[in-house]
Each structure stands twice: as C-alpha cells, then as structure tokens.
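The values are calculated or read from the model by the stated rules, or taken from the named source; none is laboratory data. Keep in mind it's a predicted model, so treat the numbers as computed, not measured. Every residue, glycine among them, receives a Cβ derived from its backbone with ideal geometry; neighbour counts consider all protein chains shown. For the accessible areas, the whole protein counts, side chains as well, though only heavy atoms, and no ligand, DNA or RNA atoms are used. Shrake-Rupley method; radii C 1.70, N 1.55, O 1.52, S 1.80 Å.
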Amino acid sequence: RRFLQAPPDRRPRLLVTVGEYEQALSPVGASEERAEMLRERAMVDRARELVESLEGAGLAELSFQLLAGETHRSVVPAAIGRGLRFAFGRSGDG
C-alpha cells in the first residue's frame with residue numbers, strides 16, 4: 001500500500017514472465033508423471049491470475065509475458081533479458 005500511495009511517476013512497475021513449457025510438456029517430451037506434475041502446478045495459469053489480480057491496483061506498469069519455447073530451466077536467461085529491457089524502459093523485443 002505504501003508503494004501505491006507514491007506519486008504516479010514513482011509507483012512500482014511489475015513484469016511477470018513464465019515459460020510456455022512450464023505447464024505443458026515440451027516437444028522433446030517426458031513422462032506422463034512429469035506432464036501431470038506440470039498440469040498440477042499450473043504455473044502459466046497462476047502467473048496470469050497473479051497479473052489479473054493486480055490489474056487496477058495502481059501500479060505504474062504491469063506486464064505479463066509468456067516466453068515461447070521455454071521450459072522452467074531454459075526460461076531464466078530469456079526472463080533476465082526481458083527483465084532488463086523492462087527495467088530500463090524497453091519492454092518490447094526490439
């Protein structure tokens with residue numbers, strides 16, 4: 001709440017990233033056990049729900065990015081790159 005009481009130009013910005021294959025098996029596949037675990041964790045759905053729950057909360061900027069082709073392990077470098085662009089005001093891919 002303290003952050004949201006700040007002037008609009010000083011309010012927090014939030015980027016939420018998640019890999020496409022953090023909720024479904026990647027094309028290289030795995031066991032049905034892993035597929036079930038990914039479905040139960042529902043990381044993509046939960047990340048989207050987090051962002052939706054924060055809409056209208058007064059953040060300066062709120063962004064959700066689903067990173068195509070990324071797994072839980074491979075998403076880290078991609079998310080860092082996106083996070084740096086977001087932090088420095090360049091949220092696009094260009």
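A few points about this structure:
- Computed with a 1.4 Å probe over protein heavy atoms only, the accessible surface of the chain comes to 71 Å² per residue.
- Extension gain (nm, one decimal) between GLU33 and SER74, 0.36 nm per residue minus Cα-Cα: 12.7 nm
- The range 42-81: trypsin sites (Lys or Arg not before Pro) in DSSP coil with no more than 15 other Cβ atoms inside 10 Å: ARG73
- Average projected area [Cα convex hull, the chain], square nanometres: 7.0
- Of the GluC sites (Glu not before Pro) found in the range 26-94, the ones in coil according to DSSP and having at most 10 other Cβ atoms within 10 Å of their Cβ are GLU55.
- Each stretch of four or more DSSP H residues adds -39500 (n - 2.57); spread over every residue of the chain, this sum gives -11500 deg cm²/dmol at 222 nm.
- Ligands, DNA and RNA left out, the 1.4 Å accessible surface of the range 1-91 is 52% carbon and sulfur atoms.
- In the range 1-69, Cα pairs under 8 Å separated by at least six residues give a relative contact order of 49 percent.
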